[in-house]
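Worksheet for the structure shown next.
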Amino acid sequence: MQGLQQLAGADMASQSSEGIIKLSREELEALKAAFEEGNLAGVASRLQEMLESLESIQLDVGITGETGSGKSSFINALRGLGDEDAGAACTGVVETTREPTPYQHPQYPNLTIWDLPGIGTPNFHPDAYLEQVGFSRYDIFFIIASQRFTTNHAALACHIQAMDKSFYFVHSKVDVDLDSSLRRRPSSYSEVGVLQEIRQNCLEGLQAQGIRSPQVFLLSAFDFSKYDFHLLGETLERELSHHKQHAFLMALPNISLHILEKKKAAMLKQMWLVSTVACGVHAAPIPGLLISCDVDVLARTLQ
């Protein structure tokens, strides 16, 4: 009830991305009126629709790149799995993906990560490739390279950009690059300097091939807590639609205090919604307690 009062007292025309629920002025007025009349069941029924919408949102992520670039390890890391864990995407130096292969997140089935066929063949055509993999299915694309980004990467990005979809370049295996640089130049080695050099080379190469404002993230699938993973998360928070932001955030591996704090904040915003629904829809008395609620809703949220 406190959450509803806070919503009703806010600017009801606002569509702020800070809240988990976005309502029109008319919807908020109706909820406020029902609340003031004591019709909690009516309020909770409407909020249940919003909760179900939030819980059912699907996020489909396409992962593409050349053979050996680390696509599969990246997919496994996003799903919180090691390459040898049960259900992990197959890894190797030989291309193992012939058709788009879906991998659901083990804990958050609303997130599906698709391993797409490699783009390194001499006869690669981006328009035919996007048709082959079912372009419209994906919300965002990650284009992965472990060395330099080639004309194939740039051509694919240009086609995705022309179709008004979001894509992000990932320079994988950056830990290998750093280790190699340390071995070659131990006396002058600077991790910050090497990372900056890699980033600048990637950006300049992509811009030279016609990519407008490329976004390049330097990552290692073996340690997401380092390098640019936090920047990637912040970028997706800004650019994904609100409900899809929530789906992606909750599925992120718990690799840092920063991510845990963001998950906590998202859950706190959702608590009033869940509790109102639980106490107002299909509520049943709990033996020994002077309250009624839908225990299944609370138990599912608790887990």
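The values are calculated or read from the model by the stated rules, or taken from the named source; none is laboratory data. Keep in mind it's a predicted model, so treat the numbers as computed, not measured. As a convention, Cβ positions derive from the backbone with ideal geometry for all residues, glycine included, and neighbour counts pool all protein chains shown. These area figures cover heavy atoms from the full protein model, side chains too; ligands, DNA and RNA do not enter into them. Shrake-Rupley method; radii C 1.70, N 1.55, O 1.52, S 1.80 Å.
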| Complete set of residues in region 126-173 that are within 20 Å of Lys244 (Cβ to Cβ) and free of Cβ contacts under 8 Å to residues at least 24 places away in the same chain | Ser136, Asp164
| request: Count, please, the residues in region 199-233 that happen to be open to solvent by less than 50 Å² (accessible area, probe 1.4 Å), free of Cβ contacts under 8 Å to residues at least 60 places away in the same chain, of a type outside the set (Gly, Ala, Ser) and part of a helix (DSSP H, G or I). | output: 4
| request: May I ask you to verify whether Gly118 is on the phi > 0 side of the Ramachandran plot and open to solvent by less than 40 Å² (accessible area, probe 1.4 Å)? | output: no
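Only one residue in Arg238, Arg212, Arg199 is touching a His at 6+ places or on another chain (Cβ under 9 Å), at pLDDT 75 or above and not polar (S, T, N, Q), so which one is that?
Values: Arg238 fails: touching a His at 6+ places or on another chain (Cβ under 9 Å); Arg212 fails: touching a His at 6+ places or on another chain (Cβ under 9 Å).
When all the criteria are applied, what remains is Arg199.
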| request: Assess whether Val176 counts as being closer than 20 Å to Ala221 by Cα and free of Cβ contacts under 8 Å to residues at least 60 places away in the same chain. | output: yes
| note | Quick count over region 130-157, residues being over 20 Å from Thr235 (Cα atoms) and not small (Gly, Ala, Ser), is 14
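Would you say Pro186 is in a loop (DSSP other than H, G, I, E, B), at pLDDT 85 or above and of a type outside the set (S, T, N, Q)?
Values: in a loop (DSSP other than H, G, I, E, B): yes; at pLDDT 85 or above: yes; of a type outside the set (S, T, N, Q): yes.
Answer is yes for this residue.
In this structure, is Gln196 open to solvent by 70 Å² or more (accessible area, probe 1.4 Å), part of a helix (DSSP H, G or I) and polar (S, T, N, Q)?
yes
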